[in-house]
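First up is the structure itself, then whatever we jot down about it.
No lab work stands behind these numbers, since they all come straight from the coordinates. If you're wondering where the values come from, they're calculated on a predicted model, not measured in any experiment. No Cβ is skipped: glycine too gets one built from the backbone with ideal geometry, and neighbour counts run over all protein chains shown.
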Amino acid sequence: MKTSKERHTPLSDAAIDLLGRLPGITESEQVFLAPRGGMLSNITLTAVLRRMQRNDAPIWTDTASETITVHGFRSTLRDWSGETTTYLRKVIEQALAHQLRDRAEAAYASGMLFDKRRRLMDDWATCCNTVKKTGRATVVPIRKGKTA
């Protein structure tokens, strides 16, 4: 987060199940700790994506053949939720921790919309875990132990 403001984020049932199966996960302020303790750096995921893009690794791209980015994951959620669901814009923007542009609206938007964001995250998890066939390609789930 770019702010020091405390934020509560609802996790989908699928995310909670996944975290429960990870070795070494304990209750703490942060789910994923830095190797030397404390919070991860704000560029940790960017560094992971860069390592995935090494010359000997396949290039990860989106449907427009653009190299994937951390922001792209957030953008994908925004596009999916705005185009295929009936969630209110303010629920989606709150889920992405975006600030409302309209100052008057922002002044009155003091609620966290937690239960609505939890439902959004559950629907997003269902979408992410659904294999869909398209005319151009088949999207397959990534499974532990499988290699390309």
Full-extension gain in nm, Leu33 to Cys127, via 0.36 nm per residue minus C-alpha separation: 31.1 nm
Arg119-Ala47 FRET efficiency (beta carbon distance; Förster radius 35 Å; 0.05 resolution): 0.60
Net lengthening on full extension, Thr9/Arg74 (0.36 nm per residue, minus Cα-Cα): 22.0 nm
For peptides 13-22, 66-75, 88-97, sequence by mean Cβ density within 10 Å, most packed first: 88-97, 66-75, 13-22
